[in-house]
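J.: For reference, the structure I am asking about is given below.
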Amino acid sequence: QVQLVESGGGLVQAGGSLRLSCAASRSDLSISVMGWYRQAPGKQRELVALITRGSSTNYANSVKGRFTISRDNAKNTVYLQMNSLKPEDRGVYYCYAGYENRNYWGQGTQVTVSS
């Protein structure tokens, strides 16, 4: 079983940056995929970015060129560097992990972007 804990959310002005972190409860697990999803008010949860153990990445078109996902396999930690933030980036960001054909989710961290 995998437990995920996010940190780094907060309030930022449009054009600013935030760095989100998510750490798994154990570092000795070979987690295949880690990533981030987000959910804005009144919207469905959507993919932001994914990264494999081999550092292959996948980004939503809306964040390409602005967000960068990375991971530390030794720590089973995933990061999301968010630059040039826009008001439409607001929402609750959820850490995701895929392990043994199961999906795991963090509790979420809120990101607010003011204009």
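The values are calculated or read from the model by the stated rules, or taken from the named source; none is laboratory data. Since this is a predicted model, take the numbers as computed values, not measurements. Cβ: placed from backbone, ideal geometry, glycine included. Neighbour counts: every protein chain shown. Accessible surface areas use protein heavy atoms only, side chains included; no ligands, DNA or RNA. Shrake-Rupley method; radii C 1.70, N 1.55, O 1.52, S 1.80 Å.
J.: Toward the positive end of the charge dipole of the chain, about the Cα centre and with charges on Cβ (Lys, Arg +1; Asp, Glu -1), which of ALA40, GLY65, CYS95 goes farthest?
T.: Result: GLY65, furthest along the dipole toward the positive end.
J.: Now for a separate question. Taking θ as phi - 60°, what are the ³J(HN,Hα) couplings along segment 71-88 by the Karplus curve (6.51, -1.76, 1.60), each to the nearest whole Hz, with x for Gly and Pro?
T.: After applying 6.51 cos²θ - 1.76 cosθ + 1.60, I find 8, 10, 5, 5, 9, 6, 10, 10, 10, 9, 8, 10, 10, 6, 5, 10, x, 6 Hz.
J.: Which value, in Å², gives the accessible area per residue of segment 1-98 when a 1.4 Å probe is used on the protein heavy atoms?
T.: 50 Å²
J.: Which percent of the accessible heavy-atom area of the chain goes to carbon and sulfur, probe 1.4 angstrom?
T.: The computed percentage sits at 42.
J.: If amide hydrogens are placed 1.01 Å from N in the peptide plane, which non-local residues have theirs closer than 5 Å to the one on LEU85?
T.: GLY15, GLY16
J.: Additional query: Quick one: dipole size for the chain, taken about the Cα centre, charges +1 on Lys/Arg Cβ and -1 on Asp/Glu Cβ, in debye to the nearest 20.
T.: For this selection, approximately 140 debye.
J.: Please enumerate, by chain and number, the lysines with C-alpha under 22 Å from the C-alpha of LYS86, excluding those fewer than 8 residues away in the same chain.
T.: Correct list for LYS86: LYS43, LYS64.
J.: Any idea what the alpha-carbon Rg over 2.2 N^0.38 Å comes to for the chain?
T.: In units of the globular-protein estimate, the chain measures up at 1.00.
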